[in-house]
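The values are calculated or read from the model by the stated rules, or taken from the named source; none is laboratory data. Nothing here was measured: the structure is a model prediction, and the numbers come from that model. Cβ placement follows ideal geometry from the backbone for every residue including glycine, while neighbour counts extend to all protein chains displayed.
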Amino acid sequence: MSETLAQPLSARGIPSVQERAVIDITDMTKVYELGDIKVPALRGVSFRIAAGDYVAIMGPSGSGKSTLMNIIGCLDQPTSGIYRLDGIDVANLDDRELAAIRLSKLGFVFQGFNLLARTTALRNVALPLFYAGDRDRDKKAQRVLEKVGLGDRVQHRPNELSGGQQQRVAIARALVNDPAVLLADEPTGNLDSATAEDIMALFADLNSEGHTIIIVTHDDDVASHARRIIRLRDGLVISDESGARNRPL
Amino acid sequence: MTESGNSVVHKTAEFLRQAIETLWNNRFRSLLTMLGLIIGVGSVIAILAVGDATNRSVQNLLSQYSQASSFVVAKQTQPDFQNAAIRYTDARAVAKAVPQVKAVIPIMVIPMTTTVRHRTKTITVITAGAGVGFDASALEAGRRFTPLEVAAHRHVCILSYDARNTIFSPGAAVTGSSVRLNGSYYTVVGVQAKPLNAGLLQSDSGSETVTVPYTLIPEFGYSYVAGLSIVSDPEHVTQDGNAAIDALKKIHGQRSQYQERDIKTLNEGIAKVFTVLTGVIGVIAGISLLVGGVGIMNIMLVSVTERTREIGIRKAVGAARTDILLQFLSEALVMCLAGGLIGLCGGVGLAELVIHTLIIKLTGTVVAFSWAPIVTIAVVFSAGVALVFGTYPAVRASYLDPIECLRFE
Ligand SMILES: Nc1ncnc2c1ncn2[C@@H]1O[C@H](COP(=O)(O)OP(=O)(O)OP(=O)(O)O)[C@@H](O)[C@H]1O
Ligand SMILES: [Mg+2]
């Protein structure tokens, strides 16, 4: 198991988890414009997520979960409201800084895997490290693939892997640069329950190592792994329950 | 986040490597995309190489003629040709009027008869002075005339390569032997080396010649000559030729017209032809590269659209705009350089074909073109096309919004 990945946040000189919000969202709205029609996807959302927390975002289809995740992942910008990631207001960042934030702080697991089709698992996983200019990328990618149980599939291309294996490659890619926050949009949506359990166990491990985890799910079993559940409906937070499990220290 | 220069170099090398891989995986399509550029570069290279080889062949042929000598003749069409005709005695007068020249030699071309194995044969006799005159052909054996031989009206001669082989049996040493011309005997002092093969440019008449001292002209019974050879130096050859013309006009009257020929003027004329040729090539090159470039840009724009999702994925995992820009520029660069290289090979092949089938017939000699400017042009042109026509698609790719890209089907 990788030392860097195993390193808890507290060991990286970050102050106590309770007083430090890694994600801080205030009055966030997102309105999509389809020609003249305005589609409000988020209508004023506010919450904070502490470093090291494990949060599930739930809600019916079309309630704005993916929209929210894309903004948290710095892939999209809110229409209004403030989003601070690790204390930084991301609205003020330029392209280069945003790319650097995605590289250094965020790992995103997409609902549809989003792997490069003609590229091996190893290269897919090493991709963020390539952009970070890391020359040890193949070694690190290999280690993370072993960690998600794909040590023997590194040279396979996505079309030579099962859905669950592809999902794990996507997770390995999200983890390879040791991000503070791991975002996963329906990571078990396409998987059978046994594979889903494997992946949830992996997330639990990662969380115990100090990674902040935010997952979007429809599945109550999956959500039960989280310590906190935020429920959305029609672009608003309708409930925010903590204590499904013990809060971290 | 700061990156060390080292990692930038490493990244760029990796972009180029990936670009080669991508293009190789789509090699048929890449080849079609490059076609315009291949044809453009290929034709420019072919024209340049043929032009270069031709120029060198012509220069090589001209090397037989002295750079330091100018030939002055009376113009064929003029009001009073009779009056303008150059006389043997003009040579001395011109030499006096133009003291800076080394020699003024009256030139005459006279057909004479000789006997070859008991049969009479006509041979061309040309007059010359001491040392190197207008004809700078190398000698195979013997020497040129000495000033004494010329001044003393000696009956000596220099044989051309063909004349030597006609008159004497091959292989025999001929210097010191005698040749009979119009009944008089001449001692052979030198033999010219085999001339450069001049191909179609060669005139058949001049091959069997015998050169004799010009001071024998009066003895042959001529008072008019074909022209004057003005021996000076390569720098002033045209100038001195014109000075000789002025001197002739003083003698024959201002209405008389003369013209002057020298290698320097000829070379300048050839240079002008090649300048025009270069201009034409430039226009062809411009057009073909434009066509090739637009083709490449078109396919790259299609490729950017097709790979929207890939761009989205790359951006989502942390690629900055410059990374995407460099990725697509690398692909354009690799594609254009590959196209340029193929064009270069094709162009050189075509040039070799043209040179060996056409130019060799025309000029007899083939002198290879020089590679350095041709390779440079191919590389510079293709890299230029890559940058000019690859930048817009690459910039467009780099500015795509990651989330829009990921939604793209
Ligand atoms: N690109 C878009 N353009 C216009 N409207 C959009 C766009 N993306 C999302 N929406 C709208 O925003 C709302 C929220 O969409 P979102 O994808 O966030 O829902 P979701 O909660 O992730 O749903 P699901 O559970 O089905 O994935 C929906 O009404 C949707 O139609
Ligand atoms: Mg969704």
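Structure notes:
- With respect to being within 12 Å of chain B (Cβ to nearest Cβ), touching a strand residue (DSSP E or B) at 6+ places or on another chain (Cβ under 9 Å) and without any contact (Cβ under 8 Å) to a residue 60 or more places away in the chain, A:ILE82 falls outside the description.
- Of all the residues in the stretch A:143-202, those that are among the small types (Gly, Ala, Ser), more than 14 Å from chain B (Cβ to nearest Cβ) and outside any loop (DSSP other than H, G, I, E, B) number 6.
- Residues of the stretch B:294-318 that turn out to be within 8 Å of chain A (Cβ to nearest Cβ) and of a type in the set (A, V, I, L, M, F, W, C), as a count: 3
- Among the conditions (1) assigned to a helix (DSSP H, G or I); (2) exposed (fewer than 14 other Cβ atoms within 10 Å of the Cβ); (3) within 16 Å of ligand 1 (Cβ to nearest atom), the only one that A:VAL222 does not satisfy is (2).
- Any hit, the stretch B:155-165, residues being of a type in the set (S, T, N, Q) and not in a strand (DSSP E or B): yes
- For A:LEU232, the requirement of being within 15 Å of the chain's Cα centre (by Cα), assigned to a strand (DSSP E or B), within 16 Å of ligand 2 (Cβ to nearest atom) and of a type outside the set (Val, Ile, Thr) is not met.
- Test: B:ARG143 is farther than 24 Å from B:GLY221 by Cα and either modelled with pLDDT of 90 or more or under 36 Å from the mean Cα position of the chain (by Cα) (or both): yes
- So B:VAL375, is it touching a Phe, Trp or Tyr at 6+ places or on another chain (Cβ under 9 Å), in contact (Cβ under 8 Å) with a residue 24 or more places away in the chain and surrounded by fewer than 17 Cβ atoms within 10 Å (Cβ to Cβ): no
- Residue check for A:ALA41: in contact (Cβ under 8 Å) with a residue 24 or more places away in the chain, away from chain B (no Cβ under 13 Å), touching a helix residue (DSSP H, G or I) at 6+ places or on another chain (Cβ under 9 Å) and small (Gly, Ala, Ser): no
- Checking the stated criteria, B:GLU404 turns out to be assigned to a helix (DSSP H, G or I), farther than 21 Å from B:ILE38 by Cβ and within 14 Å of another protein chain (Cβ to nearest Cβ).
- Number of residues in the stretch A:91-117 that are facing chain B (nearest Cβ under 8 Å), over 29 Å from B:GLU409 (Cβ atoms) and in contact (Cβ under 8 Å) with a residue 60 or more places away in the chain: the value is 1.
- Some residue of the stretch A:162-174 being more than 16 Å from ligand 1 (Cβ to nearest atom), buried (at least 22 other Cβ atoms within 10 Å of the Cβ) and among the basic types (Lys, Arg): yes
- Restricting attention to the stretch B:300-324, the residues that are of a type outside the set (Ser, Thr, Tyr) and surrounded by fewer than 18 Cβ atoms within 10 Å (Cβ to Cβ) add up to 4.
Listed here are the residues, each with its yes/no results for (1) among the charged types (D, E, K, R); (2) within 16 Å of ligand 2 (Cβ to nearest atom).
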| position | (1), (2) |
| --- | --- |
| A:ARG48 | yes, no |
| A:GLY62 | no, yes |
| A:LEU75 | no, yes |
| A:ARG96 | yes, no |
| A:ILE101 | no, no |
| A:PHE108 | no, yes |
| A:ALA132 | no, no |
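- Between A:SER242, A:SER208, the distinction of being in contact (Cβ under 8 Å) with a residue 12 or more places away in the chain, away from ligand 2 (no atom under 16 Å from the Cβ) and hydroxyl-bearing (Ser, Thr, Tyr) belongs to A:SER242 only.
- Considering the conditions (1) at pLDDT 90 or above; (2) under 28 Å from A:ALA41 (Cα atoms); (3) within 19 Å of the chain's Cα centre (by Cα), A:LEU145 is excluded by exactly one of them, (2).
- Residue among B:TYR399, B:TYR392 that alone is out of contact with any strand residue (DSSP E or B) (no Cβ under 9 Å at 6 or more places or on another chain), among the aromatic types (Phe, Trp, Tyr) and within 14 Å of chain A (Cβ to nearest Cβ): B:TYR399
- Leading residue by the ranking (surrounded by the fewest Cβ atoms within 10 Å (Cβ to Cβ)) among those in the stretch A:69-79 that are more than 8 Å from every other protein chain (Cβ to nearest Cβ) and either assigned to a strand (DSSP E or B) or not β-branched (Val, Ile, Thr) (or both): A:GLN77
- Residue in the stretch A:60-70 that is more than 16 Å from ligand 1 (Cβ to nearest atom), more than 16 Å from the chain's Cα centre (by Cα) and closer than 22 Å to A:ASP27 by Cβ present: no
- Members of the stretch B:344-360 found to be under 17 Å from B:VAL379 (Cβ atoms) and surrounded by fewer than 17 Cβ atoms within 10 Å (Cβ to Cβ), listed by number: B:CYS345
- Sole exception among (1) out of contact with any helix residue (DSSP H, G or I) (no Cβ under 7 Å at 6 or more places or on another chain); (2) more than 16 Å from ligand 1 (Cβ to nearest atom); (3) part of a loop (DSSP other than H, G, I, E, B) for A:ARG84, by number: (3)
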